[in-house]
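Every number in this text was worked out from the coordinates using simple rules, so none of it is lab data. Not measured: the values here are computed from a predicted model. Glycine also receives a Cβ, built like all others from the backbone with ideal geometry; neighbour counts cover every protein chain displayed.
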Amino acid sequence: MKPKSFEQVLEIVKGKPILVANRGIPARRICRSITEMFEAVAVMTATDVDKTSPATTGAHELLLLGEDPRAYLDLDRVIKMAKDRGIVAIHPGWGFGSEDDSFPKKCEEAGIIFIGPNQGPMRLLGNKVAVRKLAEEIGVPVVPGSPEAVSIPEARRIAKEIGFPIMLKAEGGGGGRGIYEVYEESQLESAFTKASALAKASFGNPRLYVEKLLTSVRHIEFQTVADMYGNVFVFDERDCSVQRNHQKLIEITPSPWPVFTPELRKELKGYSEKLIKACGYHSLATVEFLVDKDGRPYLIEVNTRLQVEHGITECRYGIDLVEEQIAIAFGSKLRFNEKNTKPYLHAMQVRVNCEDPQDNFSPNAGTITRYVSPGGQGVRIDSCICAGYRFPSRYDSAAALLITYGSSWDKTVMLMRRALREYMISGVKTTINFHRQVIKHPDFVSGYYDTNFVRLKKAELMSYSDQEPERVRLTRLVAEISAKGYNPYVSLGEYRGRADKRVGRFQLVKAPETSDAAFEPRITRSMSRDSILDALREDRSKGIVHFSDTTTRDITQSNSGNRFRLAEDRIIGPYLDRCGFFSLENGGGAHFHVAMLANMTYPFTEAKEWNQFAPTTLKQILIRSTNVLGYKPQPKNLMRLTGEMICEHYDVIRCFDFLNHVENMRPFAEVVLESKKHIFEPALSLSWAKGFDVDHYLGVTENILAMCADVLGVSKKMASQSITLGLKDMAGVCPPRFMRELIQALVKKYPDLVIHSHRHYTDGLFVPTMGAAASAGAHIVDTAIGSSVRWYGQGDVLSTCAYIEEEMGLSTVIDKEMIRSTNFTLKQIMPYYDRYCAPYFQGIDHDVVMHGMPGGATSSSQEGAMKQGYIHLLPYMLKFLAGTRKIVRYHDVTPGSQITWNTAFLAVTGAYKRGGEREVRRLLNILDIVNLAPEADLTAHECEARLDLYRDSNDAFRNLLLGKYGKLPLGFPADWVYQSAFGNDWQDAVACRTEASPLETLADMDLAAEEQALAVRLGRKPTPEEFVLYLNHPGDALKTIEFCENFGDANNLPVDVWFEGLEKNEKLLFQSASGKPHVMQIHDISEPDEQGICTVRYTVDNESVSYQVKVREGAASERDAVEMADLKNEYHIASPSNGDLWVMHVRVGDHVKLGEEICNISIMKQEKSVYAATAGMVKRVLKNANYQEDKIMVPVKEGELLVELGPVESCCPTCKAPVGSADFKFCPGCGQKI
Amino acid sequence: MPESDASGVRLLAEGLPGLADPISPDSLASFHPLWASDMQTFAPWNHCDDRTLRADAPPGSAVVVCGPCSSTMDVARELVSRGCLGVFGSVIAPVQTLGRGQLRRNWLSAPGNVLATLVCPPAQGLWNDLRPLVLGHLLAEALEDVCGPVRVKWPNDLLLDDKKIGGILVEERPGCILAGLGLNVAWAPGESDLRDGHCVAAAQFPGLQHIPGVLGLWRMLVNRMETGYTTLLETFTPSDFLTIFRSRLAWVGRRVLVTEGAGVRYEARVMGVSGIGELVLDSEGREIRLLAGDVTPL
């Protein structure tokens, strides 16, 4: 054939159909060249899975191969279809048929040009033994070893010659497969047998040959191109030493390895040229060498096709290898020579695969939910994916080839770092993060590494987190809330639907700046404890009363059954800070728990931020003595650990005990009083009832001062000067006259003691009572900002202030204008909380003086009764509350209030179940009699009947009677109460009751073990805060940590979006944690599909995202929509693997023992027993099978929920209190949905 | 009771209450000429402290011979739970009253056949799921020396000329993984004995002349499986193993009737085994992967 010029070939090819018999990246890449200079028609093969894939966009036409995913391998069929279509040439790409030496022959027979070598040279170079022989003949160095396949004795002889370690390689193997490493002679025999067996099974050829195993080598290869006329050009080397199990991960040209010299390059290029010329080869080929650490080269193989890494050579030279390959196939003379083809750039390629490097590079398939490709100068991408593409599982995992090229190695590295930073793929795991680790590794940058790099540096290369930027994570949260219409994380149920009317967008209007510029706060965080207490005493002597503000803690917690998020605190806090309050109560109590339970915020991080946006005013926290921030007594070491963290962020620590058992406060006193800065405020829990009179409370105060004096090592008088005393009327029951009497007595007895009065609004007498407290000598009173004042929290600051100033003739030092500005701001926030938080049982309730339910518990307890279907019994429950408080006497505040409520609830519902309302009335009647009649007047019948009062009480109540919470303030109740609560065991109960603090017997927690357990759960070391949160509320802490990892800081979203989400086409402006502004807009929320999944399409900063949200359960018949077990829930019994369930042993209601066989799964005739991980009662059986009866097996998926157990004795998952009855839907203690 | 570390062949002379009858060398010999030959080979039987009879045989993995029992799997489970049988230990019996196959199907047998249970070692990851295939492959390999080329019908039935000569059932429970093996050495159920809808005809071994005895055969098989198992897991990855397994898989390319658990039946072509051991079938262009179910050639 006469050589053609390239231009002649262009003429010939123009407009002719050329087929790429391939898919994915190579198909797209080759189509590009076909359509560029040649202006030919690009035809691509495609199976059904691939026919709409992104790679097909580059083709003019598709040759449809049908549904068999392996159809690309059926060369005869492809060639026949190509012939029918009139294809003039076929490019095989890489993979599939590209190395099948029958392909060129078959094309030739069909009259189609094969864009590649001829069969003969292809077969020769493709056969390793033949290449080796050829190389030896023409003087190209090869790895020492046997020239051809050998027997075991021969292998032994050769191994002796070349020395161990050696490799046994399958004659028919390749691509890293079929290689066995043998390190010593003793292993040879067995390795040979096995390698041979595997080779036979894998490649149909058991023959093996021996090669020296080179332990530290670089993989260096040379791209060659040759035409049909004997012209050969060899390009500079590609260094492919970053490999994993012989699979290339990164390729570089030229080699950055300092040992690789120009002389060595020249030598190897010479070898490559010789090999190609020696066999009359044309087209592209790659000659691969290993180069040992001393620079000794060894030929390993020749690849007779276009290679994945060809792109870096193109970048180094500024050429198109595929174009040249096509031209050569059509008879063009090679255009490249040493004069016109010079290398001038460095280039590197990373293979971006849909694989999870952290899971041993396991391939993964799925929908690409987000795709942002890098760009800019120096970047080239060949990819086969886009956003929304469902990456198939049937083919290889290559998603993209990312190349950077620059004028130096360093520039290329920095470009690659930048490009990998820009590259974003979501929905499937990719190797991007792994490559980021490689590219920044100093060994990689220095160029000193070998093919073992990935294996040896595995630990460093795999230590990355797959976490995406916060803006991406946060917008997913917004998408979820928007699709559902409610925010599932606030734990308020499905409080609104997507189409429901909204409160509307939150667009804050700032208050006019009207505050008094000259106003100086009297008390600030920069002052010491003593100077603060002196200032309070001095002010009081002048008739000045101070205020604490509870807006961001107690008031919203009580009124809303919720609390403000940090997001709203950030708005309101700076205003509050400038009002001149003594303190801002911004933490503690349920507020701490709710941070995690509903607001997905770390409470101490929140407290820390408070001190940044509100730096001036003291911060106050409420602590529940032994329970600290939880619901059960904490071991002393945990109390101290939590206490130390509290002291980092709070200045005033108010501590109460529902029994007024002063010893329960001691560990906290020790932590707080250790510092000269913090103010310790032990508080008297106040009830207004028989026995709880002024003298009683004076006695408690005396105990408090004695304890504090002991801790401080000073006199009681000194102690009274060093603390403040809280008066905590949590129910709002003490009338003005009682508070006046109490405070006057306290002032008289302890003139230096600073008194801080706190009460709730429930009885409606907030203002006059606080006025009475102030006039009697209280130094500080608790109030809140008017627009947040509702029913059960505190009263309004300005009205209380007006009463104190105008009616009592005292004065105050607050900036009222600033309070008005605060109020104006708050008015804009409150509608969201009013609308979406507790709407039940609101309003003043003066009956609280009888039933005594404190603060927000008034409404939440009654709500619990209503939701459990006992609204008709509520009046009786309130009566029972009033009565029982006279029999077992303590203070109704956490956890006492929960105990009292549960006792009343259980007694009344128990009586109702026994005998309807008649029985309930009988119970209340006997309660009245017991409270009214003296013991001696009771008849035997009445004594018998009163034993029904506590027969249904729970463990918490019984523990209280035993003294397990501490000493009851007015002593143990009468024996008949024990008889009623404990039945026949009552005498034992009486005998073992105690008045000691529970702290004395509570063993310290093994903190190191707990921290380790948490680290295992998180897969990383927890922060100190995470650890403390976990110790206090394990379940909710984990939930919050997981939420923050998934979504970031939700406080960066405004309140309307938090509660209502976004509507279509609405814009959300928000900032991520770094302060960077972002914009999000939802374009569409689809209707839920049969699996209950909505697709939300939105843009964030102009990037398009599709996100799927499950909004309801899928149709039951859907096999894919199986309910998965929660692996952390031991009551969930999951299928251990995919397989077939053939026998289910349990039914609903069965009791199962720990370790009992529940069911059996068959997988490949292996029958796996599935056991109960805990004892329990069967609540649900989701899949049933009884093969022996009906010969039907039921397919199950790994992790699918098969059986759900419930506890034998139901306990609330949150507060651990016994729920009482299996039909309860809410916990009577904390309201948690069960 | 045999001691846990006891190796070699022992006879559970006093039986196990409720599980296995007492047995003596003489009574064993009366079950079948193959057993009689065993009793001669392993004689003399010496009384041991643990109230078993120990054979005069070189040490190897523990093989416990018990008398007629419900199932050797039950006996083995009891011995494992008592700490008397370790990994690769086995129990063999001349007859079973309640021999079981997959899904509590009956396993029919007659004296002279191998009825044994092998205690399997635990395995990690995919190896755990592949255990039935591994055992099938190893047993087939070991049997080739005795009866010629044995193929494996997925997952682990042993076929000689397309007839079933043996089967394996693995029962996995935490702390105890047992493989029950039945080999039709001297007798195979006839067509009328087999359950309706069975997959494949049964056959017995082609000739008994090379077989040293039931116990002798079993000892050979256990030794082969133990060495084979250990080296297989050490040397090969699961994917390597599956490549080897494919070469032994019966009926590749043939059209078969597939019976899935839920009573679903359809025709398909056997394509091979997937990367996790599932049977890959092609049903009119659609790829199907089976984890359970049966195939019968059409």
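For chain B, I need the span (max minus min coordinate) of the C-alpha atoms along each principal axis, in Å, sorted largest to smallest.
Cα extents, longest axis first: 64, 41, 34 Å.
Against the longest principal axis of chain B, how steep is helix B:126-147, in degrees 0 to 90 to the nearest 10, with axes from Cα atoms?
It works out to around 70 degrees.
Kindly express, to the nearest 10 degrees and within the range 0 to 90, the angle between helix B:238-248's C-alpha long axis and the longest C-alpha principal axis of chain B.
Roughly 90 degrees, rounded to the nearest 10.
In nanometres, what is the gap between the two model label sites at A:Arg296 and A:Asp48, each 7 Å from Cα along Cα-to-Cβ?
It is 5.7 nm.
Sort largest first and round to whole Å: the equivalent ellipsoid semi-axes of the range A:514-650, each the square root of five times a Cα gyration tensor eigenvalue. Walk me through the intermediate numbers first.
Numbers: eigenvalues 142, 72, 35 Å².
Rounded to whole Å, the semi-axes are 27, 19, 13.
Normalised by the number of residues in the range B:9-247, what is the relative contact order in percent for Cα pairs under 8 Å and 6+ residues apart? Each step should come with its number before you reach the end.
Values: 452 pairs, mean separation 43.0, N = 239.
Relative contact order of the range B:9-247: 18 percent.
If you bin the C-alpha pair distances of the range B:140-271 every 5 Å from 0, what whole percents do you get?
2, 8, 15, 21, 21, 16, 11, 5, 1
Hey, for a label at A:Ser531 modelled as a point 7 Å past Cα toward Cβ, could you say which residues of the range A:609-630 have their backbone N under 15 Å away?
Only A:616-618 pass the distance filter.
Of the options B:Leu158, B:Leu279, B:Leu232, report the single residue whose Cα projects farthest towards the positive end of the charge dipole of chain B (beta-carbon charges: Lys, Arg +1; Asp, Glu -1).
B:Leu279
In sequence order, what are the phi-derived ³J(HN,Hα) couplings for the range A:960-969 according to the Karplus relation 6.51 cos²θ - 1.76 cosθ + 1.60 with θ = phi - 60°, rounded to whole Hz, with x for glycine and proline?
4, 5, 7, x, 6, 8, x, 7, 5, x
Assuming R0 = 30 Å, can you tell me the calculated FRET efficiency for the pair A:Lys342 and A:Val259, based on Cβ-Cβ distance, to the nearest 0.05?
Details: r = 24 Å, r/R0 = 0.79.
My answer for the efficiency is 0.80.
Given 0.36 nm per residue, what is the gain on full extension from A:Asp834 to A:Lys457 after removing their alpha carbon distance, in nm?
Working: separation 377, 0.36 × 377 = 135.72 nm, distance 5.62 nm.
Value of the extension gain: 130.1 nm.
With a Cα-only, solvent-free Debye model of the range A:6-115, what are the log10 I(q)/I(0) values at q = 0.22 Å⁻¹?
Ignoring solvent entirely, the Cα scatterers give -1.21.
Tell me the relative contact order for chain A as a rounded percent, counting alpha carbon contacts under 8 Å between residues six or more apart. Don't skip to the end; give the middle numbers.
Details: 2519 pairs, mean separation 95.2, N = 1234.
It comes to 8 percent, rounded to a whole number.
Over the range A:1084-1161, what portion of Cα pair distances is larger than 14 Å, expressed as a whole percent?
Values: 2248 of 3003 pairs.
Taking all Cα-Cα pairs of the range A:1084-1161, the fraction more than 14 Å apart is 75 percent.
Between Rg and the Kirkwood Rh of the range A:868-1000, both from Cα atoms, what is the Rg to Rh ratio?
Numbers: Rg = 14.5 Å, Rh = 15.1 Å.
Here Rg/Rh amounts to 0.96.
Residues of the range A:884-908 with amide nitrogen under 12 Å from the 7 Å Cα-to-Cβ point of A:Asp693?
Correct set: none at all.
Mean residue ellipticity at 222 nm from the helices of chain B, using -39,500 (n - 2.57) per DSSP H segment of n ≥ 4 over the full residue count, to the nearest 500 deg cm²/dmol?
Details: 6 runs with 79 residues, N = 298.
My calculation for chain B gives -8500 deg cm²/dmol from helical runs alone.
How do A:Thr812, A:Thr193 line up, fewest other C-beta atoms within 10 Å first? Let's see the in-between values first.
On the way: A:Thr812 20, A:Thr193 14.
Sorted ascending by nearby Cβ count, the order is A:Thr193, A:Thr812.
How big is the charge dipole of the protein assembly as shown about its Cα centre, in debye rounded to the nearest 20, if each Lys and Arg gets +1 on its Cβ and each Asp and Glu gets -1 on its Cβ? List each step's numbers first, then the result.
Numbers: 171 positive and 192 negative charges, 501 e Å.
The calculated dipole for the protein assembly as shown is roughly 2400 debye.
Only bridges whose two residues both fall in the protein assembly as shown count here: according to DSSP, what percent of them are antiparallel, nearest 5?
Working: 155 of 217 bridges.
In the protein assembly as shown, DSSP labels about 70 percent of beta bridges as antiparallel.
Please list the radius of gyration and Dmax for the range A:529-836, considering alpha-carbon atoms only, with Å as the unit.
Here Rg and the maximum Cα pair distance are 17.8, 52 Å.
Quote the FRET efficiency, to the nearest 0.05, computed for A:Arg32 versus A:Val372 with a Förster distance R0 of 22 Å and r equal to the Cβ-Cβ distance. If you can, show how the numbers build up before the last one.
Working: r = 21 Å, r/R0 = 0.98.
Calculated transfer efficiency: 0.55.
If you take the beta carbon distance between B:Asp50 and B:Thr97 as r and set R0 to 25 Å, what does 1/(1 + (r/R0)^6) give as a FRET efficiency, to the nearest 0.05? Present the calculation step by step, with values, prior to reporting the outcome.
Working: r = 26 Å, r/R0 = 1.02.
Between B:Asp50 and B:Thr97 the formula returns 0.45.
Can you list residues whose amide H is under 5 Å from A:Ile1158's amide H, if they're 5+ apart or on another chain and H is modeled 1.01 Å from N?
A:Val1170, A:Tyr1171, A:Ala1172
Separation between the A:Ile152 and A:Lys964 pseudo-spin-labels, each 7 Å from Cα along Cα→Cβ, expressed in nm?
Going by the 7 Å Cα→Cβ label model, 7.1 nm.
Hey, what angle do you get for helix A:409-422 against the long axis of chain A, alpha-carbon based, 0 to 90 degrees rounded to 10?
50 degrees
Given the Cα-Cα distance of A:Asp1006 and A:Glu648 and 0.36 nm per residue of separation, how much length would full extension add, in nm? Please list the in-between numbers first.
On the way: separation 358, 0.36 × 358 = 128.88 nm, distance 2.33 nm.
So the extension gain works out to 126.6 nm.
Using +1 on the beta carbon of Lys and Arg, -1 on that of Asp and Glu, and nothing else charged, what's the dipole of the range A:315-380 about the Cα centre, debye to 20? Write out the running numbers ahead of the final one.
Working: 8 positive and 7 negative charges, 82 e Å.
Roughly 400 debye for the range A:315-380.
Do the sum for chain A: with -39,500 (n - 2.57) for every DSSP H run of n ≥ 4, divided by all residues, what is the mean residue ellipticity at 222 nm, to the nearest 500 deg cm²/dmol? Walk me through the numbers before you get to the answer.
Values: 43 runs with 459 residues, N = 1234.
My calculation for chain A gives -11000 deg cm²/dmol from helical runs alone.
Work from the charge dipole of the protein assembly as shown (Cβ charges, +1 for Lys and Arg, -1 for Asp and Glu, about the Cα centre) and give the residue of A:Asn360, A:Leu874, A:Thr903 farthest towards its positive end.
A:Asn360
Run through all the Cα pairs of the range A:345-466 and give the fraction in each 10 Å bin from 0, expressed as whole percent.
Each 10 Å bin holds this share of Cα pairs: 13, 44, 34, 8, 0.
All other residues with a Cβ under 12 Å from the Cβ of A:Ala904 taken together, and with Lys, Arg as +1 and Asp, Glu as -1, what is their net charge? Provide the component values of the computation, followed by the final result.
Working: positive: A:Lys879, A:Arg885; negative: A:Asp892, A:Asp952.
Once positives and negatives cancel, what remains is 0.
Once you put a point 7 Å from the Cα of A:Lys16 and another 7 Å from the Cα of A:Lys867, both along the Cβ direction, what distance in nm separates them?
7.7 nm
Cα-Cα pairs above 44 Å in the protein assembly as shown: how many percent?
Numbers: 712785 of 1172746 pairs.
Pairs farther apart than 44 Å: 61 percent.
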